[in-house]
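> My questions will all concern the structure given below.
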Amino acid sequence: MPKKTSSQSIPAKRKHSFRIKWLIVIFAILLAAFLIFYFYMKEQTKASRLVDEYVSTFMSKDSHALFDLIGFQPDIFITKDSFQKSMEECHKYSSLTSYSLVQYESGKENQMQYHLQFWDNNHNNPYTQNLLLNLSSSRLYFLFDQWTIDQTEFLAKNCSLDVPAGATVRVDGINLSEKISPVSNGHLDTYSLGNLFIGTHTITVSMKGFEDFTATTSLPAGDYSQKKIYTITNSMMNVTADTEKTLIQLAEAFITAIYEGALTKLDFSAVTSDFTVEESSRTTMEQAYNTFVSNHINSSSHLTQVDFTGFSSSAASSYAEDGCYAIQITSDVDYTADSVVVPLSSTTEGQATASQNKHTSGNSLFTTAFHYKDGIWSIHATTALDACVYYIKY
């Protein structure tokens, strides 16, 4: 006898068939969605699409959106505001009203090149651009090309500058001393700035006792890793009128202290106790002082009193071998001098006659050099130790 079909098997087969049909429908929907997504993304990730977006954003004069589109990473100097300033200065983009676009073969598989020309309302051509697109080594969702706009023509890369050691420096109003640690070689600090946008940049250097030094530099696109964008040396700084006045007073006081100390036979450390003497010069200056005392105070004919009756001094920057800032004070000095003269008798074969007191007046010229290091002015040298005022010796 033939077997009878179970009454429950027919609904189960129908249910199974219904599931298969739904799976086919869902698969078809997913496949269609994927194909739509694929071809949409394929279109959206074309290099030409990025170029169109670049030109559209450029012509809309939205520099902040253009900053994001190009893909700049914000940094100390890479900001949307500094980009806007650069675009206006170097690309004149706010005046541009029309453009033309031509694609060229770049010769590289992973690069596209476009030539852009822009015009203003008068059909002048203030700006021409070669726009490069680079193909990223990674793919979007593992499927699509990723094109990026080459940033080279917008940037001055790997910038650095030299300023006097210890100086405060501002670039475009940004205080580098608060944001970047410099590398010092003793007399110059080197600041590594990273990348700057092309165009004009303002550098201001400040040091206590000096006038601010301000310079501007115009940077075209390029790599500056092998050269400084600017070097400001100590000799380029000028002291303030107050500093110059203070150094002149110190120079005059030091000359006076040398003579007062020598006449009372003080040692050099006592003479310089109220002054800052450069340590590298101290030994040489002390030897000169001791020689001065020996020749003009402890000799048989010697000075007994010197009064300075007038100083006329001026200041000028000078060269320092160690690269620090140097200033030279020239002092024109009026004085009176008393001395003891012990003449040799011309009739008694070397027998000394009675000593005589002499008085004279005159004028001498002295120079005193100061060096500036680590915020301190110190006395480097003075000719007051080498050349004594004129006095009567015979």
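> Could you check how much of the accessible area of the range 166-284 is carbon and sulfur, as a whole percent, using a 1.4 Å probe?
About 47 percent, which is the carbon plus sulfur part of the accessible surface.
> Can I ask one more? Using a 1.4 angstrom probe on the protein heavy atoms only, line up THR243, THR202, THR284 by accessible area, largest first. Walk me through the numbers before you get to the answer.
Details: THR243 15, THR202 55, THR284 95 Å².
The most accessible residue leads, giving THR284, THR202, THR243.
> Semi-axes of the equivalent ellipsoid of the range 57-213: what are they in whole Å, largest first, if each equals the square root of 5 times a C-alpha gyration tensor eigenvalue?
Computed over the range 57-213, the values are 36, 21, 13 Å.
> Net charge near ASP145, counting Lys/Arg +1 and Asp/Glu -1 over other residues with Cβ under 9 Å of its Cβ?
On the way: positive: LYS42, LYS46, ARG139; negative: none.
Here the count lands on +3.
> So what's the gap between the Cα centers of the range 228-245 and the range 256-297, to the nearest angstrom?
30
> So what J values fall out for the range 170-184 if you push phi through Karplus, 6.51 cos²θ - 1.76 cosθ + 1.60 with θ = phi - 60°, rounded to Hz, Gly and Pro as x?
10, 10, 6, x, 8, 6, 5, 4, 8, 10, 10, 8, x, 9, 10
> Report the Cα centroid-to-centroid distance between the range 113-159 and the range 357-393 in angstrom, as an integer.
Rounded to whole Å, the Cα centres lie 66 Å apart.
> Between the helical axis of 279-296 and the dominant principal axis of the chain, each derived from Cα atoms, what acute angle in degrees is found, rounded to the nearest 10?
10
> Next question. Given a 1.4 Å probe, how much area per residue of the range 123-180 is accessible, in Å²?
Result: 49 Å² per residue.
> Quick one: pull the percent of accessible area on the range 38-85 belonging to carbon and sulfur, 1.4 Å probe, ligands and nucleic acids left out.
For the range 38-85, the apolar C and S fraction of the accessible surface comes to 51 percent.
> Let me ask another. Please report the Cα spread of the chain along all three principal axes, rounded to whole Å, starting with the longest.
For the chain, the Cα spread along each principal axis is 173, 69, 35 Å.
> From the square roots a ≥ b ≥ c of the eigenvalues of the alpha-carbon gyration tensor of the range 269-388, which class results: rounded (a/c under 1.5), prolate (a/b over b/c), or oblate? Before the final figure, lay out the partial values.
On the way: a/c = 3.18, a/b = 2.13, b/c = 1.49.
The shape class here is prolate.
> For the range 336-343, in order, what is each residue's ³J(HN,Hα) by Karplus, 6.51 cos²θ - 1.76 cosθ + 1.60 with θ = phi - 60°, in whole Hz (x at glycine and Pro)?
10, 9, 10, 9, 9, 10, 10, x
> Which order, highest average first, do 138-149, 73-84, 247-258 follow once you tally other Cβ atoms within 10 Å for each residue and take the mean per peptide?
By packing density, highest mean first, the sequence is 247-258, 73-84, 138-149.
> Something else now. Once phi is turned into θ = phi - 60°, what whole-Hz ³J(HN,Hα) does the Karplus curve with 6.51, -1.76 and 1.60 give for every residue of the range 104-119, x standing for Gly and Pro?
Working through the residues one at a time gives 10, 6, 7, x, 10, 5, 9, 8, 10, 10, 10, 9, 10, 10, 10, 10 Hz.
> Please report the accessible area of SER314 (heavy atoms, 1.4 Å probe, ligands and nucleic acids excluded) in Å², nearest 10.
70
> What number comes out for accessible area per residue over the range 45-84 if the probe is 1.4 Å? Units Å², please.
Using a 1.4 Å probe on heavy atoms only, each residue of the range 45-84 averages 47 Å².
The values are calculated or read from the model by the stated rules, or taken from the named source; none is laboratory data. Fair warning: this is a prediction, and the values are worked out from it, not measured in the lab. Cβ: placed from backbone, ideal geometry, glycine included. Neighbour counts: every protein chain shown. Please note that ligands, DNA and RNA were not included when accessible areas were found on the heavy atoms of the full protein model with its side chains. Shrake-Rupley method; radii C 1.70, N 1.55, O 1.52, S 1.80 Å.
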